[in-house]
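> Structure incoming, see below.
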Amino acid sequence: MSDGRAKKFVQRFQHFALLSHSSKWFSLRVTGAILNAAGILIGGIFGLMRATPLSASTQSFFKMSLGVLTMFFGLRLTWLSVNGTFGEIIKQLTIAFGSIVLGTLIGKLLRFQKMSNRLGQYAKRLIESNRPDDPHRFSNGMIACAVLFCAAPLGILGSIQDALPTEAGGMGYFYPLAVKALMDGLAMAGFVKFFGPGAMMSALPVFVFQGTITMACHVYLEPFLRGHGLLHSVNAVGGLVVCTVGVVIFEIRRVELADYLPSLAVAPLITWVWR
């Protein structure tokens, strides 16, 4: 490694370290991860305090609310990311939809959804093997919940979006992870009755996983995208992918969400070429 490259690497590492130890960084830059972890803990406490499960009507209300919020924040992100004349907006939307089509094909080839399903099956086996007298009940509960919450495509997508602001100098778009916090909190209310308080410990690996993605994207990805005028293309596609989560919640059709993730990488490439 040349002296110039070594010096640049050290400077980037120092910059990352300084940001990592900054309280402002954690308060502003990993908002979504904080909310998701808090949602898990609050949902666990709620589940331990409540003797009976939520009624069918209450569950239906939460399901409807989560679906509406997901689609709203997804469409809002796309809306904030397209601008210019009518022709320019049509071009940006064409790139966004084209990126999703091509990105989904890449995701299928790379079998992203199959990998996500394997993680889900592993968590399912831990859940099915759980017994009240199992000495590993505490750790199994934490691992099963952590795997389910971390493997969710919305968690990965939301962590990336949390690092990408919709306007110069603004905060990252943490709303997808805020919605996921509600989802995970409701799920945790049921898991703690099954695994006990140990399931709530999954909040820590979820925070570390999502926070690491957000911090890395903020340090490396966001400056690159902004410097080359590609930030809005990624946000536009991200908003459309978030909307697909609402399609899943409302059970409109089956969607393999993990296969959509490569669309975030395809969008800036198409935008770069089509200029």
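The values are calculated or read from the model by the stated rules, or taken from the named source; none is laboratory data. Since we're looking at a predicted model, the values are computed, not measured. Counting neighbours? That spans all protein chains shown, and the Cβs are built from the backbone with ideal geometry, glycine included.
> Return a yes/no flag: does the range 193-208 have any residue that is under 19 Å from Trp79 (Cα atoms), at pLDDT below 95, outside any loop (DSSP other than H, G, I, E, B) and of a type in the set (D, E, K, R).
No.
> In the list Asp134, Asp162, which residue meets the criterion of being within 26 Å of Ile270 (Cβ to Cβ) and among the acidic types (Asp, Glu)?
Being within 26 Å of Ile270 (Cβ to Cβ) and among the acidic types (Asp, Glu) holds for just one of Asp134, Asp162, which is Asp162.
> Mind listing whichever residues of the range 224-275 are under 14 Å from Pro176 (Cα atoms) and of a type in the set (Gly, Ala, Ser)?
Ala236, Gly238, Gly239, Gly246
> With respect to the numbered conditions (1) closer than 23 Å to Ile270 by Cβ; (2) within 18 Å of the chain's Cα centre (by Cα); (3) of a type in the set (Asp, Glu), which one is the sole condition not fulfilled by Asp184?
(1)
> Still on this model: Just wondering, is there one or more residues in the range 249-258 that are under 14 Å from the mean Cα position of the chain (by Cα) and in contact (Cβ under 8 Å) with a residue 24 or more places away in the chain?
yes
> With respect to His218, is the statement that it is buried (at least 16 other Cβ atoms within 10 Å of the Cβ), out of contact with any Gly (no Cβ under 8 Å at 6 or more places or on another chain) and either on the phi < 0 side of the Ramachandran plot or without any contact (Cβ under 8 Å) to a residue 12 or more places away in the chain (or both) true?
No, not satisfied.
> Let me ask another. Could you tell me which residue of the range 168-184 is farthest from Gly43 (Cα to Cα), considering only residues that are among the aliphatic types (A, V, I, L, M) and in a loop (DSSP other than H, G, I, E, B)?
Residue satisfying both the conditions and the ranking: Ala168.
> Among (1) out of contact with any Cys (no Cβ under 6 Å at 6 or more places or on another chain); (2) at negative phi; (3) of a type outside the set (D, E, K, R), which single condition is Ile160 missing?
(1)
> For the list (1) hydrophobic (A, V, I, L, M, F, W, C); (2) closer than 24 Å to Leu261 by Cβ; (3) outside any helix (DSSP H, G or I), I need the number of the one condition that Leu54 fails.
Evaluating Leu54 over (1) hydrophobic (A, V, I, L, M, F, W, C); (2) closer than 24 Å to Leu261 by Cβ; (3) outside any helix (DSSP H, G or I) leaves (2) as the failure.
> Identify, from the list Val10, Val30, the residue that is of a type in the set (Val, Ile, Thr) and modelled with pLDDT under 55.
After applying the criteria, what remains is Val10.
> Taking the condition of being among the polar types (S, T, N, Q), assigned to a helix (DSSP H, G or I) and more than 19 Å from the chain's Cα centre (by Cα), how many residues in the range 77-98 meet it?
2
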